[in-house]
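Student: One structure, as structure tokens, below. Some questions next.
The values are calculated or read from the model by the stated rules, or taken from the named source; none is laboratory data. All values reported here derive from a predicted model rather than from experimental measurement. We place every Cβ from the backbone using ideal geometry, glycine too, and count neighbours over all the protein chains shown. We work out accessible area using only protein heavy atoms, side chains counted, and drop any ligands, DNA or RNA first. Shrake-Rupley method; radii C 1.70, N 1.55, O 1.52, S 1.80 Å.
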Amino acid sequence: MKFTDEIKRRRTFAIVSHPDAGKTTLTEKLLLFGGAIRVAGAVKNNKIKKGTTSDFMEIERQRGISVATSVMGFDYSGYKINILDTPGHQDFQEDTFRTLTAVDSVVIVIDAAKGVEPQTERLMKVCRMRKTPVIVFVNKMDRPAQDTFSLMDEIEEQLKIKVRPLSWPINSGADFKGVYNIFNKSLQLFAPNIQEIGTKIQFDDILNPRLENYIGGDAKILREELELIEGVYPEFEVAAYLEGDLAPIFFGSALYNFGVRELLDSFAEIAPVPQPIQSEERIIQPGEDTFSGFVFKIHANIDPNHRSRIAFIKVCSGCFKRNKAYLHVRSGKTIRISRPTAFMASQKEVVEEAFPGDIIGVPDTGNFIIGDTLTEGEPIHFKGLPSFSPELFRYVENADPMKSKQLAKGIDQLMDEGVAQLFTSQFNGRKIIGTVGQLQFEVIQYRLEHEYGAKCRLEPLQMYKACWIKCDDPSALTEFKKRKYQKMAKDKLGRDVFMADSSFILQMAQDEFKNIQFHFTSEF
Ligand code: G4P
């Protein structure tokens, strides 16, 4: 196949949701369609969730939370679909944000009864920032749902995006009869508790009285609602979707495998092909001859006996080849990757080549950090992997003096993986770990102990935000640092950070030092 055709057939996306909306279930069903897994559908399937398909680490199995972001690829109708899984738990949202830098589009799963939930809003904010095209899948229609029109309004208002239903549900809960697919003009009938895909009936003209034969008195309501939709919502324009201005909406029930194939079919048709990526130096086009890629995720090894890690590299341009010499831009060293793996659902396999849109896993013994770039020689730096100011802070203290080296190494590597952020106080030299959630502290302690044999104490620290500071006037910056020396720290890359104890203190500092810029992300 030609290189350009390989690019065109790729669809790389993430499924995101508020926990429990059905992201895992939907992912599993998509994998079933792709033939990537063979576990029969409709029943609750803990085997996969608690097994090894989408979560690697012991700690996940213990907690039942998908901590990891993993990648699953499969072929479907001539397309190569790459799904990037994201952790549902909000304490790991930074992981999710990073994953969003490696995808070309997003499917947002919403619980039909609960509507838009806080985490959906946060994730959408990131999509809007990056202008990532999104498709919304309203899930759990087999359960009593909110009124569909109100739900549309809620999505539009809270996610701040124009919407366009491409399918429309006929009732919900016990009365759920199925959906009318506006996109391909067909009626999809729902049959609860079976593992088959619902019957699809072509219905180009919904005025056809045959509709009554299938859905009885609901046909009248459906016609009225569809008429209303045509009046209220703009025509669906693929271009508006691709610009990130319009979100098509589908309805279904992932648990019952309903509406999933339609979603996948429409997705494959309209979702963006691998997109150009803005680097600091220039825009990188996927179709360029030379390879480039960046590390968006580092994952601890599945096998606790081996401490090596996997760096996930997104191929941005050109064709990646196994064993070819590439420039590791940050270190200036040349590296060859002898065992690049692709993730085909439950299996990892060594690949000879990979194309833009693909994700490869590279065994790593500590050479990579998040944001690293590989090229064929050009010094490119990819943008868009900022650290966000953490919300919780703890001092780290060594709990076993014999193991201080292990502790230092463990902390270093965990920070490179992006598990949390490390700051060093300029006042007393103490190490401070910042996270967005309590759970990350537990993960850090657990992993330090189990992977590095190091124990630490995490001591409470009342802190509001870490602010990266900048000032064009060097003497003003020096003055600020001198005045605030007790609150100054360095991040892992040596950048100046002001640690504000409270919003009040921050406000005071902002009022007093007008020419200092305070940033809540590390890139600005
Ligand atoms: P998440 O990854 O977004 O956190 O959600 P997940 O797929 O784990 O789904 C959360 C719960 O909702 C699961 O039930 C799942 O079976 C259920 N669910 C998902 N899709 C549907 C649907 O379309 N209809 C209905 N009725 N339920 C759905 P659970 O009992 O909490 O978990 P489990 O024991 O099945 O894993």
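Student: Among (1) in contact with a Lys or Arg (Cβ under 7 Å, 6 or more places away or on another chain); (2) within 21 Å of PHE92 (Cα to Cα); (3) assigned to a loop (DSSP other than H, G, I, E, B), which single condition is GLU449 missing?
Tutor: The one condition GLU449 does not meet is (3).
Student: Got a number for residues in segment 376-412 being in contact with a Gly (Cβ under 6 Å, 6 or more places away or on another chain) and either open to solvent by less than 60 Å² (accessible area, probe 1.4 Å) or not assigned by TED's automatic domain parsing to the domain that holds GLY494 (or both)?
Tutor: 3
Student: Which of (1) at pLDDT 90 or above; (2) touching a Phe, Trp or Tyr at 6+ places or on another chain (Cβ under 8 Å); (3) surrounded by 23 or more Cβ atoms within 10 Å (Cβ to Cβ) does TYR76 not meet, given it meets every other one?
Tutor: (3)
Student: Among the residues of segment 96-148, what is the count of those that are among the hydrophobic types (A, V, I, L, M, F, W, C) and without any contact (Cβ under 8 Å) to a residue 12 or more places away in the chain?
Tutor: Of the residues in that region, 1 qualify.
A quick yes/no check of all residues on (1) within 15 Å of the ligand (Cβ to nearest atom); (2) open to solvent by 30 Å² or more (accessible area, probe 1.4 Å):
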site: PHE92; (1), (2): yes, no
site: ASP104; (1), (2): no, no
site: SER150; (1), (2): no, yes
site: PHE176; (1), (2): yes, no
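Student: Another one. Restricted to segment 155-173, and to residues that are touching a residue at least 12 places away in the same chain (Cβ under 8 Å) and open to solvent by 40 Å² or more (accessible area, probe 1.4 Å), which residue is nearest to GLU262 (Cα to Cα)?
Tutor: Across segment 155-173, the extreme among qualifying residues is ASN171.
Student: Do we have ARG143 as surrounded by fewer than 22 Cβ atoms within 10 Å (Cβ to Cβ), away from the ligand (no atom under 16 Å from the Cβ) and modelled with pLDDT of 85 or more here?
Tutor: The answer is no for ARG143.
Student: For segment 256-272: of the residues being open to solvent by 50 Å² or more (accessible area, probe 1.4 Å) and at pLDDT 90 or above, which is nearest to the ligand (Cβ to nearest atom)?
Tutor: The extreme case among them is ASP265.
Student: Here is a check on your reading of the model: is ARG483 among the basic types (Lys, Arg) and more than 35 Å from the chain's Cα centre (by Cα)?
Tutor: yes
Student: Restricted to segment 1-34, and to residues that are part of a strand (DSSP E or B) and away from the ligand (no atom under 14 Å from the Cβ), which residue is surrounded by the most Cβ atoms within 10 Å (Cβ to Cβ)?
Tutor: Once the filter is applied, the top-ranked residue is THR12.
Student: Related question: Mind checking whether some residue in segment 246-253 is surrounded by fewer than 21 Cβ atoms within 10 Å (Cβ to Cβ), assigned to a loop (DSSP other than H, G, I, E, B) and either small (Gly, Ala, Ser) or not assigned by TED's automatic domain parsing to the domain that holds GLN413 (or both)?
Tutor: no
Okay, residues lined up against (1) of a type in the set (Gly, Ala, Ser); (2) in the same structural domain as GLY429 (by TED's automatic domain parsing); (3) surrounded by fewer than 14 Cβ atoms within 10 Å (Cβ to Cβ):
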{"site": "LYS465", "(1), (2), (3)": "no, yes, no"}
{"site": "ILE469", "(1), (2), (3)": "no, yes, no"}
{"site": "ALA476", "(1), (2), (3)": "yes, yes, no"}
{"site": "PHE480", "(1), (2), (3)": "no, yes, no"}
{"site": "GLN486", "(1), (2), (3)": "no, yes, yes"}
{"site": "ASP491", "(1), (2), (3)": "no, yes, no"}
{"site": "GLY494", "(1), (2), (3)": "yes, yes, yes"}
{"site": "MET508", "(1), (2), (3)": "no, yes, yes"}
{"site": "PHE513", "(1), (2), (3)": "no, yes, no"}
